[in-house]
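Data block below; observations after.
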Amino acid sequence: RYSLGPTGTPAGSPIETIRYDVLHAVPPQSAPEWLKTTDLPAPGSREGFVEVDPVILRHPRFPDIWSLGDAASTLNSKSGAALRMQTKVLAKNLKLVLRGRKPTMQYNHYSACPFVVSRNTVVFSEFDDKYSPMPTVPGWDNLARERRLTYILERVVLPQVYWKLILKGRA
């Protein structure tokens, strides 16, 4: 008899070993060429992201410029989840500045990355700029566990949130 591992295959079998030996290769990220040629990146920056205070998301040399997402020189990994958090911070800080006050909202360098593990399960990793866990869903202290529900979240719910809420400034 074999004891079955979490993937349903015999524990220690080559298939199970390969399944958990995940390689996630990410190419170097950089801003588009048109952005690199402006005065917005930090002087000498090879990546060409818009220079921002990574906490308040405001340009340090051009105070009327704010940036977020894939174009900003934030410390986090670029992701839609990071964009959602940054949008809230930037919007609230911009409102404060337009009212003559100092920006006080702070971006915490949050990001998230889903890893599809099987045809119907996903491991959802939430982390900060130092890759320390940063769970945000109440009651789910460990989304980084393989689950069917996180697959549904990643494949069905989050695309709708992105297109219908985040991009329209509602989430």
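The values are calculated or read from the model by the stated rules, or taken from the named source; none is laboratory data. As the structure is a prediction and not an experimental result, all values here were calculated from the model. Note: ideal-geometry Cβ built from the backbone for every residue, glycine included; neighbour counts use all protein chains shown. Heavy atoms of the whole protein, side chains included, go into the accessibility calculation; ligands, DNA and RNA do not. Shrake-Rupley method; radii C 1.70, N 1.55, O 1.52, S 1.80 Å.
Enter the accessible area per residue of the range 33-98 (Å², integer; probe 1.4 Å; all protein chains in place).
53 Å²
Given a 1.4 Å probe, how much area per residue of the range 111-168 is accessible, in Å²? Walk me through the numbers on the way to the answer.
Working: 3840 Å² over 58 residues.
Here the residues of the range 111-168 average 66 Å² of exposed surface.
Give the residues of the range 60-90 whose amide nitrogen is closer than 19 Å to a point set 7 Å from the Cα of W34 in the direction of its Cβ.
65-73
For the range 111-168, which whole-number percentage of the solvent-accessible area (1.4 Å probe, protein heavy atoms only) is attributable to carbon and sulfur atoms?
Working: 2240 of 3840 Å².
The C+S portion of the solvent-accessible surface of the range 111-168 is 58 percent.
Measuring from label point to label point, each 7 Å out along Cα→Cβ, what is the A171 to K92 span in nm?
1.9 nm
Stokes-Einstein diffusion coefficient for the range 111-168 at 37 °C in a medium of 0.692 mPa s, Rh from the Kirkwood formula over Cα pairs: what value in µm²/s?
274 µm²/s
Can you pull the percent of the range 33-98's accessible area that's carbon plus sulfur, 1.4 Å probe, other chains left in place? The partial results should precede the final answer.
Details: 2080 of 3530 Å².
C and S atoms contribute 59 percent here.
Using a cut-off of 18 Å between alpha-carbon atoms, which lysines can reach K88, once sequence neighbours fewer than 8 places away in the same chain are excluded?
Filter leaves K78, K102, K164, K168.
Roughly how much of E33 is accessible, in Å² to the nearest 10, using a 1.4 Å probe?
Counting only protein heavy atoms, the figure is 120 Å².
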